[in-house]
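What follows is a short report on a single structure.
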Amino acid sequence: MTNNFPKMNFVGIDGILVQFSDEIRENANSAALAFRHEVEQKNQSSIIESANSLTAAYFRIDTKIEPLDSILNFFNEMLREKNWYTSKLPKDRKLFKIPCVFGTELAPQFEKVIKLAGISRSQAILEFTTTRTRVMTIGFSPGQPYAGLLSKKWDLPRLAEVSKSVPQSALVCAIRQLIIFSNSTPTGWHHIGQTAFECFNSNRQQPILLRPGDEIIFVEINSGELSQINNNNADGLGGVEILEITN
Amino acid sequence: MLEVISISGFSSFQDMGRNGFRSQGISRSGAADYYALFEGAALLDQNPNSTALELIGNGGKFRVLQGCMVALTGAFMPASLDQKPLAWNSSHFLHDGSILELGAPQNGRYSYLHLRGGFKAPKIFNSSSAQPSAGIGNYTRPKDILEPSEKIPETLKCQTIEPVDRFESTNFRLVESFQTHLFTPKTIKKFVETEFSIDNQANRGGVKLTHTGSGFSTSNQLKIMSDMIIPGDIQMTGSGQPFVLLSDCQTMGGYPRIGCIIPPDLPAIAQLKTGRTIKFKFISRDEANRIASKDRKCLEIIKERCLEPIRDPQKMADLLNFNLIDGAVWAKN
């Protein structure tokens, strides 16, 4: 890729971040997912925890078990092993078809956002209901997906003034990404849709369903249909249809 | 075993928190003041990861349903058993039917009630730390029955502990983190020269800081890609206002971080009350590691801080129960 990436950096006193890009890109996301996966396979006792962000792999390390230099060497050697940017996505990926109300009083920022993106309501909905987005990482709160990449017209900055609160299962967008919120939260992201899909629900046998590499597509519903789903939603599935991705 | 009669709003069970679930978006959580967990564990001769009740705000009132041994640590609260004062930073026997009362914290925000054997609480993602805002566990509420997770039959002497010094801190140490370079050297210089106040917007997720003068921004701040955040990070929100992240902070965020407070300084900043003023200082990674390892060693030998309490006869309401006269007579013989 560029001369600067991949590169290693520090997070606090005990974290190493292996970064594959400083801007959001699908190949850097694939690289980060694959790199973390392969490091995990090596079962290093000095690595106590790992996770992915959009374009980086994070490792929490214990330098009492192994000196920092030796841990950094290990990462460097792994990085040199291959071109991580051409890595395949994880196996056993799934497609989530999630019912969603776009706009209305349930998602008040939709109209403003399509104006910013310069498209009509029907064009926007066509894009969200026909283009699959990839779950690039899970983070912020339990089971919450950051999905992308949307086309360039969705490269909208977050709001400078954080909105008071958007509800659980809200669909929000900014910087070419979509998020479905696990919990009600204040945010600078634009609230464009409302689903009934709970990213985390402890009533389910599997409280967290989405994994990096999975794909999301939306099915447009109206607010009456959303209330119907909500009336019978103890498992928090919100009417989702989950399909295996075969490739 | 205790029954909650009243308790302040956001009090909850906490232990040392969660490890290994960050990849699913699960926060670390755990006691805001981990020194208090170590102190409670030393007083009750148990594991520091035993579940304790973290009290925030106005304390609480508890009915003792079954005699038990407890310890009180963290921010000092006026404490009493059946209206007779109890020493803070100490362990105590509570007898059946008595009422334990804890008042508002005086020198900090977070106070801890520990039970011998630890409180019984469901383990979610390997920890009993509650994070109700994320859908994990619940706040502790009136009428809750608080039981020990294991009953330990043998008795233990009541002790008192010299607490780890952390309630008067004014200087906090930072290391650079992967986004420090997004700030210009001039902004960083201004940051370490600025005196900040602890805002009243403070909870287990983080503490807002206020100061006079302009904010601390980076260029293109609203389009920075979300990435890992950890407790201790100081992030600059939209207007460039610093926010110190604590144990319930999310796993990822998009606000730029100027640096990360070293773990041994985190209990101190969590405990600071609204209006207290502080300053920051960057230290090298080597120095930070030396301080962290010294801190670990101090916690390994925390039991050395325990003493048997010296009881003041003036304050002993139960003085007549002690067989003081017999001893004197026996000595004469």
Exercise. So which residues in the range A:140-157 are facing chain B (nearest Cβ under 8 Å), in contact with a Leu (Cβ under 9 Å, 6 or more places away or on another chain) and either surrounded by 22 or more Cβ atoms within 10 Å (Cβ to Cβ) or closer than 30 Å to residue A:206 by Cα (or both), if there are any at all?
Worked result: A:143, A:144, A:146
Exercise. Taking the range B:47-97 only, how many residues are more than 25 Å from residue B:122 (Cβ to Cβ) and buried (at least 17 other Cβ atoms within 10 Å of the Cβ)?
Worked result: 11
Problem set entry | Scan of the range B:192-236 for residues that are facing chain A (nearest Cβ under 10 Å) and closer than 23 Å to residue B:170 by Cβ, ordered by number | B:231, B:232, B:233
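Quick check: anything in the range A:95-118 within 20 Å of residue A:7 (Cα to Cα), surrounded by fewer than 16 Cβ atoms within 10 Å (Cβ to Cβ), at pLDDT 95 or above and not β-branched (Val, Ile, Thr)?
Within the range A:95-118 (the criterion being within 20 Å of residue A:7 (Cα to Cα), surrounded by fewer than 16 Cβ atoms within 10 Å (Cβ to Cβ), at pLDDT 95 or above and not β-branched (Val, Ile, Thr)), the answer is no, since none of the residues qualifies.
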Exercise. On the given criteria, is residue A:87 under 24 Å from residue A:135 (Cβ atoms), buried (at least 20 other Cβ atoms within 10 Å of the Cβ) and of a type in the set (S, T, N, Q)?
Worked result: no
Seminar exercise, completed: In the range A:18-53, anything out of contact with any Leu (no Cβ under 9 Å at 6 or more places or on another chain), crowded, with 20+ Cβ neighbours inside 10 Å and either more than 11 Å from every other protein chain (Cβ to nearest Cβ) or of a type in the set (A, V, I, L, M) (or both) is listed as A:20, A:31, A:47, A:51
Exercise. Has the range B:193-210 got any residue that is part of a helix (DSSP H, G or I), aromatic (Phe, Trp, Tyr) and farther than 23 Å from residue A:189 by Cα?
Worked result: no
For this session: Tell me, please, whether a residue that is without any contact (Cβ under 8 Å) to a residue 60 or more places away in the chain, surrounded by fewer than 14 Cβ atoms within 10 Å (Cβ to Cβ) and touching a strand residue (DSSP E or B) at 6+ places or on another chain (Cβ under 8 Å) can be found in the range B:132-154.
Result: no
Exercise. Going through the range B:26-81 one residue at a time, which ones are under 19 Å from residue B:3 (Cα atoms), of a type in the set (Ser, Thr, Tyr) and in a strand (DSSP E or B)?
Worked result: B:80
For this session: Spot the failing condition for residue A:56; the list is (1) in contact with a strand residue (DSSP E or B) (Cβ under 6 Å, 6 or more places away or on another chain); (2) within 12 Å of chain B (Cβ to nearest Cβ); (3) more than 25 Å from residue A:211 (Cβ to Cβ), and only one is missed.
Result: (3)
Seminar exercise, completed: Filtering the range A:119-135 for residues that are in contact with a Ser or Thr (Cβ under 8 Å, 6 or more places away or on another chain) and within 12 Å of chain B (Cβ to nearest Cβ) leaves a count of 0
For this session: Can you give me the number of residues within the range A:54-78 that are touching a residue at least 40 places away in the same chain (Cβ under 8 Å) and either over 16 Å from residue A:9 (Cα atoms) or surrounded by fewer than 18 Cβ atoms within 10 Å (Cβ to Cβ) (or both)?
Result: 5
Seminar exercise, completed: Taking the range A:57-92 and keeping residues hydroxyl-bearing (Ser, Thr, Tyr) and under 23 Å from the mean Cα position of the chain (by Cα) leaves A:58, A:85, A:86, A:87
Exercise. Quick check, is residue A:170 under 24 Å from residue B:201 (Cβ atoms), facing chain B (nearest Cβ under 9 Å) and of a type in the set (Gly, Ala, Ser)?
Worked result: no
Problem set entry | Hits in the range B:238-249 (condition: outside any strand (DSSP E or B) and crowded, with 21+ Cβ neighbours inside 10 Å) | B:246, B:247, B:248, B:249
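The values are calculated or read from the model by the stated rules, or taken from the named source; none is laboratory data. All figures in this text were calculated on a predicted structure; none of them were measured in a lab. Using ideal geometry, Cβ is built from the backbone for each residue, glycine included, and neighbour counts are taken over all protein chains shown.
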